[in-house]
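The values are calculated or read from the model by the stated rules, or taken from the named source; none is laboratory data. Worth saying up front: this structure is predicted, and the values here are computed from it rather than measured. Virtual Cβ from ideal backbone geometry, glycine too; neighbours counted across all protein chains shown. Ligands, DNA and RNA are excluded from the accessible area calculation, which covers all protein heavy atoms including side chains. Shrake-Rupley method; radii C 1.70, N 1.55, O 1.52, S 1.80 Å.
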Amino acid sequence: MASSTTSVAPARPPATPDLARRRSSAGARGERRSGLAMAAPAAILLGLFLIVPVLLAFGLSFTNARLISPNPPRFVGLDNFIRAFTQDPVFLRSVLNTFLFAIVVVPVQAGLGLLLAVLVNQKLRGVTFFRIVYFIPVVTSIVVVSILWKFMYQPTGLINSFIDTMTFGVLQGADWLNNPRTALPAIIVLSIWQAVGFHMLIWLSGLQTIPGELYEAARMDGADAWAQFKNVTWPGLRSTMIFVLVTITISALGLFVQIDVMTQGGPQNSTTTIVYHAVRKGYREQETGYGAAISLIFFVLVLVIALVQRFVTREKD
Amino acid sequence: MKRRSLVTIVSVSAASALALSACGQAGQGDGGSGDGPQELTMWTHSAGNPAELEVYTKIIDDFNASQDQYTVVTESFPQGAYNDAIVAAAAAGDLPCLLDMDGPIVPNWAWAEYIQPLELPTSITDNLLPTAVGTYQDEIYAAGYWDAALSIFARKSVLDANAIRIPTIDEPWTIEEFDAALATLKAAGYETPLDIGAEDKGEWWSYAYSPMLQSAGGDLIDRETMLTADGALNGPEAVEFFTWFQDSFANGYTSNSGTIGNQEFNDDVVALSYTGVWNAMGSLEAIGDDLLILPPPDFGDGPKIGGGSWQWGISSSCDAVDGAREYLEFSFQDKYIAEFSDKQVVIPATAAAEELSANFGEGDPLRPFVELSQAYALARPATPAYPVISSTFEKAAKDIMSGSDVQSTLDGAVQEIDTNITSNDGYGF
Amino acid sequence: MATITAPSSRQLDRTERQQRRRRNVWSYLAMALFAVIFLFPMVFMFISSLKPDAQILSDVRSLNAFLPVGDLSLDNYRDVFDRVPVARFMINSVLITTLIVVLGLVVNSMCGFALSRLEWKGRGAVLAVVIATLIVPFETIAIPMVYWVSKLPTLVFEGGVPKYDFGWLNTYQVQIIPFIANAFSIFLFTQYFSTIPKSLDEAARIDGAGWFTIYRKIVVPLAGPAFATVAILTFLPAWNSYLWPLMVVQEENLRPVMVGMQYFFQLNPAWGEVMAYTTLITLPVLIVFLSFQRAFVSSVAASGVKG
């Protein structure tokens, strides 16, 4: 534009500051418009299919609404929330279990996933085969997987006979899923086993973004394998790590299917989780209002955790 | 390149979806339009059960051919999520005219006005087994073609070899006798002599174990008022029963390991199996004449078994109630009831159909189930609170099974049920 | 144990070669051990799919559960096809899942781009909403959602003529459109994009590139891991969904594969058929993953320097 008037122009004025300002304000306008346009499709869809139903559901948390009832819902204020914190020990236990689960699963699953990723990231024959094998539990129907593990956890199941054989009968296995002390650990093991292949994949794609030359250079400097991992691999995985941690945390907090298939929250509430409790109350026992209140509490907890995670892992420019 | 292939994938998929749904819509559109026969929509829980669907198809074909005012159009859902489909349809105001439902849920759906009073001629409903009729507040809302029954399966040879008396309807095992038998069988080498089905979950727990509680003198709820579980679910009788229940697991008489179904019994891994009529054919094939179908033990108030299976009702929003009734009347013919019984291995709901059926007539191999059902069947409490009661009962029983204190667990369950009933203004009682 | 070996063009001396060989042996041992641990469900599933129900239940008490012993046949597969319209369900699932995943990747990554790299009005609000709704237990909003979609307007073709109607029940769109935008996906894209240096954008801006071009030519190629993650994260629940289709779709013709799974859970589950059916519906997923892992893992590697 500026250069379209060609030869006629006599001495060019020193237009640089003016031009820059004009460009930046146009740029900002373009940025605002582009931002809105690119966010719009997702924002509209989210609004229609998440926000509207969630608001409807949240509205219910201040009422005594039921899943099935001839009576219109009645406004009950904060009764449902008071009930959750003062009269429902199962809810409090669910919160505790959910956090216990997440606290163990997040680091272990992330670490194991990284180990697997490093293994299958090597230039070796057949690594693709191993990648697929490790990924199989992720894609196998969780219902079938849970049923299979339920068999294995039985007192006479494969896990106990394995323990028996390996320790020459010194250690006796437990009745894993029927003992309040072992049920949650048993679910944790199954859950890690089931999902770790997925996080292996995320780590793997992160590993692949680390340029080979960096290793080359490290080796030139005489770095051994561990030094290479510490100085090249790990720093290169920072963003992937945040990513893996967030994914595992979120899915760990939402633990539901394994509980539903294997223990239904038992024995003696040792495996009940927030989502399981919300579904049991709000859906199976038809107390929609109360279930919605539990979900609302859950949202707030997740929100707090997500914000904390964002804060802790933010880029420190 | 990459972008183009994305666009291709999306457009091809979208186009196929459109084409496929257009086919579907076209097929559907034909029935509704015009002034031909009125359409009666009907949903069943029987997807994946070809034997049962076959009978429905036959009845519907016969009915559609018998008159030209109505056409029944059916859609079937898998049982596991059938109730979810119904609740969703009710929320969307889209219930079918005719729908089937599990017996104990009938009062809940009647109270919620999903279904309306059935108003079939009493000549039909009076002839049915009492547990095949679903009522709420003394009004009939649903009726079924069959009932199921539970019993104890055993091998005659095993009982004889261990000198255990074979119980009869007139003289069932007392609980002491039953315990002694379990101890004997355990000593004889059965690691857990009784398969009680505790590996299952959901409605099975209330269906299978609340009759035992009733046999001991307790109950899920005070059936006089339907307003409280206090005294019924946590009284001394209930505590006594649940203590027995807890001890049987602790003593190794039974366990919650194993698999759903009757395979352990057929393989002779367990000596006794507390299970349903639907497993009888399999065991009969596996062990033949050696099979005994025995009454459950008497915990004090006489043996009890649970009654109430799938039943049919008419939705409140049905716009062709007369046609729906006409269809149901047509369907309650003894020949159809007998056919359901043959295909499903369930107890026919009428005496005449019993005789027509292959397995449940006088002298037939599965006849004992009819006698057990007549002598002991007790429906689950007919209250809209039942879903809560059932879920609470299951949770309490499982906690007790794994060793929690009996009295305090039951008190907690009672409190939960009573709170729920109060917050629903007594569910109309 | 955990080691990295990178390609090397130069000549390795002898000790190094030995070291490497020893490391490879350990690697293979470790990988094989893990393979055994991760493989058994598939083995159990496949082996069981060849056995009659009674035998599956007897074998499950011993190691036989993993061995092809006894009465083996393809009967279960035949019975699966008798009980469930497998082909139709499969086509439905492929269509539904493809559309959800592909459209989801585009829509959510664009939104993540806008949230992480652009300044615009309403950005804070959208970001807050996204974070607040990261996990919504579906059961808690299912009923309001059914009510809501049953009221939405839709386009229907009656005899080839398009016209408006209300209610999304009994369609493909009700199984697809509500699941395209996904708060978790947007969140992951936002997180990931914000780790890509903004200096790249500046440079492109100076070259006159528009924002969409920057998104497409610079950010997308560098975000392979994010796309891989989100693709799998949206693929799996879409492929596995069954509660929602059961609630909003009454016609058997429109049902996806996981609804079919429920067909086998009668009073006594038909285990052999469950295993056969699971094998059948897991295969496509594995094939997708197989092609997908190659494309992603290597294309990301090829895209070169990051940061």
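Here is the P(r) of chain A: all C-alpha pair distances, binned every 10 Å from 0, give 5, 17, 22, 22, 16, 9, 5, 3, 1, 0 in whole percents. Between A and C, roughly 9300 Å² of accessible area is buried in total, ligands, DNA and RNA not counted and the probe set to 1.4 Å. When both bridge partners sit in chain B, DSSP labels roughly 60% of those beta bridges antiparallel. Here the spin labels are modelled as points 7 Å beyond Cα on the Cα-Cβ line, and at B:VAL73 and C:ASN24 they lie 6.7 nm apart. Packing, taken as the mean count of other beta carbons within 10 Å per residue, orders the peptides B:95-103, A:101-109, C:186-194 from highest to lowest as C:186-194, B:95-103, A:101-109. Measuring against 29 Å, Cα to Cα, the residue pairs A:LYS150/C:LYS51; A:LYS150/B:LYS395; C:LYS121/C:LYS163 contain C:LYS121/C:LYS163 as the ones spanning a longer distance. For the Cα atoms of chain B, what angle does the longest principal axis make with the long axis of helix B:82-91, in degrees from 0 to 90, nearest 10? Rounded to the nearest ten degrees, it is 50. Our summary gives region C:18-72 a relative contact order of 33 percent, counting only alpha carbon pairs under 8 angstrom and 6 or more residues apart. Treating r as the C-beta distance of B:ASP290 and A:THR86 and R0 as 60 Å, the FRET efficiency rounds to 0.55. Accessible surface comparison of A:SER191, C:SER58, probe 1.4 Å, protein chains only, largest first: the order is C:SER58, A:SER191. Across region C:85-304, Cα-Cα distances exceeding 22 Å account for 61% of all pairs. For A:LEU78 and C:LYS198, a Förster radius of 41 Å and the Cβ-Cβ distance give a FRET efficiency of 0.35, rounded to the nearest 0.05. A dipole drawn for the protein assembly as shown from +1 and -1 charges on Cβ atoms has a positive end, and of A:PHE162, A:MET262, B:PHE153 the residue lying farthest that way is A:PHE162. Distance between the modelled labels on C:SER291 and A:LEU303, one decimal in nanometres: 4.2 nm (7 Å Cα→Cβ projection). Counting Cβ atoms of other protein chains within 10 Å of each Cβ in A:264-271 and taking the mean gives 5. Of the residues B:GLU329, B:GLU240, ranked by 1.4 Å probe accessible area with the largest first, the sequence reads B:GLU240, B:GLU329. Dipole size of the protein assembly as shown about its Cα centre, with +1 on Lys/Arg Cβ and -1 on Asp/Glu Cβ: approximately 9280 debye, rounded to the nearest 20. When only alpha carbons are used to place a centre, region A:23-64 and region A:215-285 end up 29 Å from one another. Give the accessible area for B:PHE265 in Å² (nearest 10); use a 1.4 Å probe, count only protein heavy atoms, and leave out ligands, DNA and RNA. About 0 Å², rounded to the nearest 10. Rounded to the nearest 10 degrees, the angle from helix B:50-66 to the longest Cα principal axis of chain B is 50 degrees. Simple spin-label estimate for B:MET281 and A:THR128 gives 4.9 nm between the two label positions (7 Å along the Cα-to-Cβ direction from each Cα). If R0 equals 56 Å, the separation of the Cβ atoms of A:TRP226 and B:THR419 corresponds to a calculated FRET efficiency of about 0.40.
Which residue, C:SER241, C:LEU103, C:ILE196, has the largest displacement toward the positive end of the dipole of region C:85-304 when charges sit on each Cβ (Lys, Arg +1; Asp, Glu -1)? The one lying farthest along the dipole's positive direction is C:ILE196. A straight line joining the Cα centroids of region B:118-149 and region B:215-235 runs 24 Å. Sorted largest first by accessible area at a 1.4 angstrom probe radius, with every protein chain in place, the residues B:ASP405, C:ASP59, B:ASP319 fall in the order B:ASP319, B:ASP405, C:ASP59. A straight chain from B:ALA375 to B:ASP322 at 0.36 nm per residue would run longer than the Cα-Cα distance by 15.5 nm.
Largest GNM mean-square fluctuation across B:SER390, B:SER11, B:SER151, computed for chain B with C-alpha springs under 10 Å, falls on B:SER11.
Computed over chain B, the range of Cα coordinates on each principal axis works out to 71, 59, 48 Å, biggest value leading.
Gyration tensor over the Cα atoms of the protein assembly as shown: the corresponding equivalent ellipsoid has semi-axes (square roots of 5 times the eigenvalues, largest first) of 54, 36, 27 Å. Can you work out the base-10 log of I(q)/I(0) for region B:57-148 at q = 0.12, 0.16, 0.20 1/Å, using the Debye formula on its C-alpha atoms alone? Result of the Debye calculation: -0.44, -0.80, -1.19. Using Cβ point charges alone (K and R +1, D and E -1), the dipole size of chain C about the Cα centre works out to roughly 1440 debye. Expressed per residue, the C-alpha convex hull volume of region C:18-72 stands at 81 Å³. Helix B:236-250 and the longest principal axis of the Cα set of chain B meet at an angle near 90°. Legend: translational diffusion of region B:22-177 by Stokes-Einstein, Rh = Kirkwood radius over C-alpha pairs, 20 °C, 1.002 mPa s; D = 111 µm²/s.
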